[in-house]
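Presented below is the structure to which this report refers.
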Amino acid sequence: MHDGAQAGPSRIPEPWSTLLGAKAAGGLGCLAVLLAACSHPMPTAAEGRSLYRENGCASCHGPSGQGDGPLAATLPSKPIDFRDAGLFNRGADESAIAKTLAEGVAGAVPAELHLHNTHHVLVMPKFDHLTELERRSIALYLISLRQDASPRAKQGRSQP
C-alpha cells in the first residue's frame, strides 16, 4: 500500500459512499422494474389472429369474422359479425371482449345440443383454457376486423 491508502473494498470517503450506494440501489430498483415490464409480453392482434384460427373461432364466426363460418347455419343463434361493434352486447373494448371469451355467452340452447352440461350449453363456449394475454390478443384481433378500427388496434398494440 502506498501513501497511507487503506485496504478495503472502498476508498471513497464515507458520506459519498453512502450516497452513491443509495443511488446505485435506486438505479438497480429502476432497472428491476424496467426488466419486469419488458418481461411481460403485450397482447397483439397478430397473435390474436393465430389464436382465432387455432381455437376454432372461424368454425362459427368465419375466417374473416363475419359470422358466416361452416357451423353458423347449424347453431341456435347466428354468430355475430365482428366488424360491427354495435353487436357486442357485453362491450366492444379489449377488456370486455377478453372477459366474454373467458366466460362464454349464455343463451337458450336446445336440450339436444347440450353435451353433458359442459361449456357447450352456452351459445358461445368459454375459452377459459386460454390465458388472459391470449384472450386479450384475440380481442385486439377482433377489434382490428372492424371497418372503422383504430390504427392502434390494427398495429396490434394493447390499449391503455
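The values are calculated or read from the model by the stated rules, or taken from the named source; none is laboratory data. Just so it is clear, the structure is predicted and the values come from calculations on it, not from any experiment. Please note: Cβ atoms are built from the backbone with ideal geometry, for glycine as well, and neighbour counts cover all protein chains shown.
A few points about this structure:
- Test: residue in region 88-108 that is polar (S, T, N, Q), within 27 Å of residue 133 (Cα to Cα) and modelled with pLDDT of 95 or more: yes
- Single residue of region 54-99 satisfying the filter (β-branched (Val, Ile, Thr) and touching a residue at least 12 places away in the same chain (Cβ under 8 Å)) that is farthest from residue 43 (Cα to Cα): 80
- Considering each residue of region 25-36 in turn, at least one proves to be β-branched (Val, Ile, Thr) and modelled with pLDDT under 75.
- Scan of region 36-67 for residues that are surrounded by 13 or more Cβ atoms within 10 Å (Cβ to Cβ), more than 16 Å from residue 145 (Cβ to Cβ) and of a type in the set (A, V, I, L, M, F, W, C), ordered by number: 42
- Taking the criterion of being at pLDDT 95 or above and not aliphatic (A, V, I, L, M), the residues of region 128-148 that qualify are 129, 131, 132, 134, 135, 136, 137, 141, 144.
- The single condition among (1) of a type outside the set (S, T, N, Q); (2) out of contact with any helix residue (DSSP H, G or I) (no Cβ under 6 Å at 6 or more places or on another chain); (3) modelled with pLDDT under 95 that residue 57 does not satisfy is (3).
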